[in-house]
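Asks: Questions regarding the structure given below will be posed in turn.
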Amino acid sequence: MKRTRGRPRQYEPQQALEAAMAVFWERGYSATSLADLSEAMGMNRPSMYAAFGDKRAIYLQALQRYQQQMRERLGEPLMRQPELGRGLTDFYFAAIDIYLAEDLGRGCMIATTASVESSDEVVRTALSETIDSLDDLLGRRMALAAEQGELPVEHVEARGRLATAVLHSLSIRARAGHGRRALRKFARESVGLLLGSADAG
């Protein structure tokens, strides 16, 4: 008798990872249970383990996916504008759109978990590296502006770190219930201060 093929896989890996990312984004790493992930991803635990690994492995994959999406959605508006002020403003406005998507006010997946996951060294290291990558992105944009004469050449890396801090502050404020108008006002004011002026353009 001819053997039948096994049951086809009933999940799509990227959709399952998106679902896991949404759970971690809303609840953080520590507060998310395997039962939460199993339900959101539409997979039983053995299948989930086989496909993605344990909770930490799933989180790290979700974090990597989040990083990729944020680079794609924020990097382009930051770099396309020739003027730094416009580029930063577009960068922050794009982040605000993500933080307030679907009226959830979730903020940033990184900022909402970085302060409470210190008990897991691997997760803590991954979060730190993600923040470092943001510092690097914004620092490179500051350096480009300095080369073009928009900023003093001193302290461009520090300005990049401050720009990252503004991004995290926007996330916390979004999660605390601040609306789009208030967040955009804060972003404009912050850009003005980063550029050493009262007007971001």
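The values are calculated or read from the model by the stated rules, or taken from the named source; none is laboratory data. Remember, predicted model here, so these are calculated numbers, not experimental data. Methodologically, a virtual Cβ is constructed for each residue, glycine included, from the backbone with ideal geometry; neighbour enumeration extends over all protein chains shown.
Asks: Looking only at residues in region 154-198 that are among the β-branched types (Val, Ile, Thr) and farther than 16 Å from ILE98 by Cβ, which one is nearest to the chain's Cα centre (by Cα)?
Replies: Ranking the qualifying residues of region 154-198, first place goes to VAL191.
Asks: Looking only at residues that are crowded, with 18+ Cβ neighbours inside 10 Å and touching a Lys or Arg at 6+ places or on another chain (Cβ under 8 Å) in region 41-86, which one is farthest from LEU195 (Cα to Cα)?
Replies: The extreme case among them is LEU78.
Asks: Further question: What's the number of the only condition in (1) surrounded by fewer than 13 Cβ atoms within 10 Å (Cβ to Cβ); (2) closer than 16 Å to THR89 by Cα that LEU137 fails to meet?
Replies: For LEU137, the exception is condition (1).
Asks: A further question on this structure: Name every residue in region 22-40 that is among the hydrophobic types (A, V, I, L, M, F, W, C) and loosely packed, with under 15 Cβ neighbours inside 10 Å, in order of residue number.
Replies: Answer for region 22-40, where residues must be among the hydrophobic types (A, V, I, L, M, F, W, C) and loosely packed, with under 15 Cβ neighbours inside 10 Å: ALA31, LEU34, ALA35.
Asks: Please specify each residue of region 116-153 satisfying the condition of being closer than 16 Å to LEU84 by Cα and of a type outside the set (A, V, I, L, M).
Replies: Answer for region 116-153, where residues must be closer than 16 Å to LEU84 by Cα and of a type outside the set (A, V, I, L, M): ASP135, ASP136, GLY139, ARG140, ARG141, GLU147, GLN148, GLY149, GLU150, PRO152.
Asks: Go through region 12-66 and give me each residue that's under 20 Å from ALA126 (Cα atoms), aromatic (Phe, Trp, Tyr) and in a helix (DSSP H, G or I).
Replies: Within region 12-66, PHE24, TRP25, PHE52, TYR59, TYR66 qualify.
Asks: Just the residues that are of a type in the set (S, T, N, Q) and assigned to a helix (DSSP H, G or I), please, taken from region 67-89.
Replies: Those that are of a type in the set (S, T, N, Q) and assigned to a helix (DSSP H, G or I): GLN67, GLN68, GLN69, THR89.
Asks: Need pairs with beta-carbon distance below 6 Å; first residue within 20 Å of GLN68 (Cβ to Cβ) and within region 131-160, second of a type in the set (Ser, Thr, Tyr) and crowded, with 18+ Cβ neighbours inside 10 Å; sequence gap 6+ or separate chains.
Replies: Going by the 6 Å Cβ cut-off, the qualifying pairs are LEU134/THR164; ASP135/THR164; LEU138/THR164.
Asks: Can you work out which of the residues in region 85-109 that are over 13 Å from ARG184 (Cβ atoms) and in contact with a Gly (Cβ under 8 Å, 6 or more places away or on another chain) is modelled with the lowest pLDDT?
Replies: Selected residue: GLY105.
Asks: If we scan region 69-84, do we find a residue that is at pLDDT 95 or above and among the polar types (S, T, N, Q)?
Replies: No, the conditions are met nowhere in region 69-84.
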